[in-house]
Amino acid sequence: MCGIAGYFGKPATVLPEAKILDGMVGAIAHRGPDARATRVLAGAGLGHARLSIIDLAGGAQPMASEDESVWLSFNGEIFNHVELRDALVDQGHRFRTKSDTEVILRLYLQKGLDCVEDLNGDFSFAIWDARKKRLMIARDRMGVRPLFYTQNNGCLYFASEVKALLQVPGIAAELDPVALDQIFTMWFPLAPRTAFKGISELPPGHVLTATPDAINVRRYWQLDYPDADGEGSFAGRSEASLAEELRALLFDATRIRLRSDVPVGAYLSGGLDSSIITAAVKKITPDALRTFSVAFESGEFDEREQQQEMVAALDTRHEELMCTQADIADAFPSVIRHTETPILRTAPAPLFGLSGLVRMSGFKVVLTGEGADEVFAGYDIFKEAKLRRFCASQPDSRFRPLLYRRLYPYLPQLQNQSQSSLAAFFSAGGMALDDPLYSHLPRFRTTSGTKLFFSEQMRSELGDYDALADLRENLPADFTRWHPLSQSQYLEAAHLLPGYILSSQGDRMSMAHSVEGRYPFLDHRLVEFAARIPPRMKMRALREKHILRESVKDLLPQTISDRPKQPYRAPDSQCFTGADAPAYVDDRLSRPEIETAGYFDAGAVEKLLAKCRKRPNVGTRDNMAMVGIISTQLWHHAFAERAETEHARAEPRAVA
Amino acid sequence: MQVDVRSDVREFIVDNFLFREDRETVSDTESLLENGLMDSTGVLELVAFLESDIGIEIQDNEIVPENFDSIENISNYANAKLSKNSN
C-alpha cells in the first residue's frame, strides 16, 4: 500500500522533472514511508512512495519490464496475485520477484489495457508504455484506492491524493462551488468532480489512457442489478443454497485478504459486519488475532459492551481507543488535510485516531466489515424507503407511520416525535414514488437545509444549479427497471461508498497513519453475487441483511447475529461548541475569515455558533451545517489560503 | 390575566432558525417547515424551548404540524395551554 504520482507529456515549468516528481511524492509520503523513488522517462514521469507489505525485498517501484519499455507505479493490493502468477507462469512468463506488482506488469504485457479485468483487488496504478507512447491509469471497481488527475499547460498530472498535484507549479487549490453544493446536498461530490476546481478523480471501475493525440476515460466495470420483473438469474435457487454459496464466497474473499508478508489485524466495532469478518478470520487462521476499536464517552455512540462480547467469544487480543469530544475537535484540522474535502459529519475523526493506534501497535494491515451495508442492504435508509412506500400505498392509515419509530430505536429525538410529524417527515417526496432518488429524498432534503448558510456570492455563482438533477442524469440506463431496493442500494454503493465512506472515512483516515484497510465484503465477486440475490432475501420484512445473517449464524453469539443495525456515529457539532472546544474554532469561524473565503454568510454563521453554544442539542440540519462550515473553512485554510499566500510571496518578484 | 407569548416565540424563531441576514422577517402565518426554516428535529428544539422557557408541558400527541408550523399556530397553541394552566 502506497502512494503514486506522475505525469504524461512534458511539464511546462522551470523546475526539472525529477524535482517535480520529488515534490509530488514527498507530499504523500505518509502513504508510503518505507521507500521513495521517481523515474523521469522520455514522455512521462512516475513516482512512488512505498509501504512494504508483500515481497518486502523485491517489490521496489516504479518497476520496469526487462527491456525497460513498460513501467509501472502501483498503489494497493492484488489479492488474487497467486492464482494470476500461476496462470502467467504456465503461459511462459518468468518472474523476477514475488510481488503482486510484477503480476500487474506481466499481465499488462500479456493482455494490454484489459489486464484490469483479471485483477481482484484494491488498486490504483499507472503504466507507461514507451512502445505505444501511452499512459494508462486505472482504479479498482469499488473505489477503495484513490486516484486524481488534472491537466496543466498541456501536461497531464496524476496522483493518489490531491496534495501531490498541488505541488506542481501552476496548479492551485480553488473550491468548486458546484462540488460544495453537491456535498451540502448528498454528502459527496459527484465523480469525477472533486472539491478542487479543475481537478478530477478517476471514477471507480474506470481506466484513463493518454496518448499524444487524445485522452480517453473508459468504464470497465459497472455495478448492475437484475430487472425487478422476473426472478433474475437465481430463479429457482433456494435461500439455503444461496446462503451457502454466499458463505463460501465470503470466506474466500477473507482468505485472500489475509495474504500478506506482515501481520494482519482487524477492526471490531461490535456490530454485525466486523464481527462476521473477525469470526471468519479466526476460522481461517486459528492464530492469535489482534483487534482494534473506538470507544466513546457517551452511551449514545459507544459500543464497548458488544465489542467485549465478541472479544470474549472469539478470543482476540483487543485494544480500544477512547475518543473524547476534545479528541475529535483537536484532530479535525489534520483530518481535513487528509480527506481533502469538506464533510458534514465528524465520523472520520475517530477512525483517524484508530489507525494511529493500529500503527503504534506495529500493524500495517487491518481487515474491516466495511461494505456489508451497501452490498447486503443493511442501512436504515433501505428500511425507511420500504416503509415509506408501504405507508404511501395507504395514505390514510393511522397505524402505519408508527412503524417509523421502530426504524431508529437509537435516535432519542425520533422516539419523541408524534405520529403525524413522523408521517410528514417521511412522506417527503411522497408524491414522487417514481422518482429514481425516492429512497434518498428525505435525507437529501434535510441535508440541503445546510445550504441556508451559503453566502450571497455562492448563491449567485450557483444560480439554479440542481445537484439532484445531476445525480439523476448520472444513473445507469437500466436503473428504472431495477427493484426499488436495488435502486437505493446502487445510490449507496456506487456513490456514497466511494464518494464518502471509502475515501473520507476509509483510505484517507487509515493511510494518514500508513495503515492499509482491506474489505472482504467489497470483493467484486461477492458484490456481483449479492446484486443478483432477490431483494426479499436481503431484506425480509424489516430484517436487514437477512441472508447474510443466515449464512453465518453459527459463527456468532446470537445476541450479535440478531442485533439490529447500529450505525457508526460520533458526536458532531458539540465537539466544536462545547466547553472543550479548541481555539481554532473562533479563528476559522471569525467574520474576517468567513468573509475572505466567501462561501458562507458571516452573520448566519455567527448566529449558528451562538445557538450551538447556548443549546447543545441542536437538530440534524444545524449539526451538519456546523460540521460542514468548520470543515470547509479548515479546507480553505489548509489548501486555498496556503496557495494564495505562496502565490502572493512569489508574485512581487514576478511583477518587478 | 391574558398572556401572549407571541413575541417570545417570534424572538426564539428569529434567533434560532432565521439565520440569514438578507431574510429579515418571517411572517406570523408562513409555514416554517415548508419554507425550510425548521426541519423535523428543529421541531424538537422548539418543544424544548416551550417547555423550559415558556413553562408549558407538551404531550406527545400534541406535537403535530397544526400546532407547530407557524409563529401564529405555535403562539395560539402555547397561549391556550397557559390559560388552561392558570384557570
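The values are calculated or read from the model by the stated rules, or taken from the named source; none is laboratory data. Quantities reported herein were computed from a predicted structural model and do not represent experimental measurements. Note that each Cβ is placed from the backbone with ideal geometry, even for glycine, and that neighbours are counted across all protein chains shown.
In the range B:27-56, the qualifying residues are those that are assigned to a loop (DSSP other than H, G, I, E, B) and modelled with pLDDT of 85 or more, and the one that is farthest from the other protein chains (Cβ to nearest Cβ) is B:ASP28. Every listed requirement among (1) more than 29 Å from A:PRO189 (Cα to Cα); (2) in contact with a helix residue (DSSP H, G or I) (Cβ under 6 Å, 6 or more places away or on another chain); (3) not aliphatic (A, V, I, L, M) is met by A:ARG304 save one, (2).
Within the range A:171-214, the residues that satisfy the criterion of being farther than 17 Å from A:GLY6 by Cα and among the β-branched types (Val, Ile, Thr) are A:VAL178, A:ILE183, A:THR185, A:THR194. Is it fair to say A:SER99 is in the same structural domain as A:GLY45 (by TED's automatic domain parsing) and at pLDDT below 95? Yes: the conditions hold for A:SER99. Selection over the range B:57-68 of residues that are within 7 Å of chain A (Cβ to nearest Cβ) and touching a residue at least 12 places away in the same chain (Cβ under 8 Å) gives a count of 2. Taken over the range B:69-86, the criterion of being of a type in the set (Asp, Glu) and either more than 14 Å from chain A (Cβ to nearest Cβ) or under 17 Å from B:GLU11 (Cβ atoms) (or both) is satisfied by B:GLU72 alone. Note on the range A:243-269: residues that are β-branched (Val, Ile, Thr) and in a helix (DSSP H, G or I) total 2. Each residue in the range A:292-330 was checked for being in contact (Cβ under 8 Å) with a residue 24 or more places away in the chain, assigned to a helix (DSSP H, G or I) and among the aliphatic types (A, V, I, L, M), and 7 pass.
Restricted to the range A:595-609, and to residues there that are under 15 Å from A:LEU175 (Cα atoms) and outside any helix (DSSP H, G or I), the residue that is nearest to the other protein chains (Cβ to nearest Cβ) is A:PHE600.
A quick yes/no check of all residues on (1) assigned to a helix (DSSP H, G or I); (2) without any contact (Cβ under 8 Å) to a residue 60 or more places away in the chain; (3) surrounded by fewer than 23 Cβ atoms within 10 Å (Cβ to Cβ):
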position	(1), (2), (3)
A:ARG443	yes, no, yes
A:LYS451	yes, no, yes
A:ARG459	yes, yes, yes
A:ARG472	yes, yes, yes
A:LEU475	no, yes, yes
A:LEU485	yes, no, yes
A:GLU492	yes, no, yes
A:LEU502	yes, no, no
A:MET509	yes, no, no
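Selection of the range A:1-32 for residues being free of Cβ contacts under 8 Å to residues at least 60 places away in the same chain and closer than 23 Å to A:ILE215 by Cβ yields A:GLU17, A:LEU21. Could you pull out the residue among A:ALA49, A:ALA64 that is over 20 Å from A:PRO169 (Cα atoms), assigned by TED's automatic domain parsing to the domain that holds A:TYR108 and surrounded by fewer than 20 Cβ atoms within 10 Å (Cβ to Cβ)? Result: A:ALA64 is the single residue among A:ALA49, A:ALA64 that is over 20 Å from A:PRO169 (Cα atoms), assigned by TED's automatic domain parsing to the domain that holds A:TYR108 and surrounded by fewer than 20 Cβ atoms within 10 Å (Cβ to Cβ). Here A:SER561, A:SER590, A:SER573 are screened, and the one residue that is among the hydroxyl-bearing types (Ser, Thr, Tyr), more than 30 Å from A:LEU314 (Cα to Cα) and more than 14 Å from chain B (Cβ to nearest Cβ) is A:SER590. Taking the range B:14-26 as the range and being at pLDDT 80 or above and within 12 Å of chain A (Cβ to nearest Cβ) as the test, the residues that pass are B:VAL14, B:ASP15, B:ASN16, B:PHE17, B:LEU18, B:PHE19. On the stretch given as the range A:610-627, residues that are crowded, with 19+ Cβ neighbours inside 10 Å and facing chain B (nearest Cβ under 8 Å) total 6.
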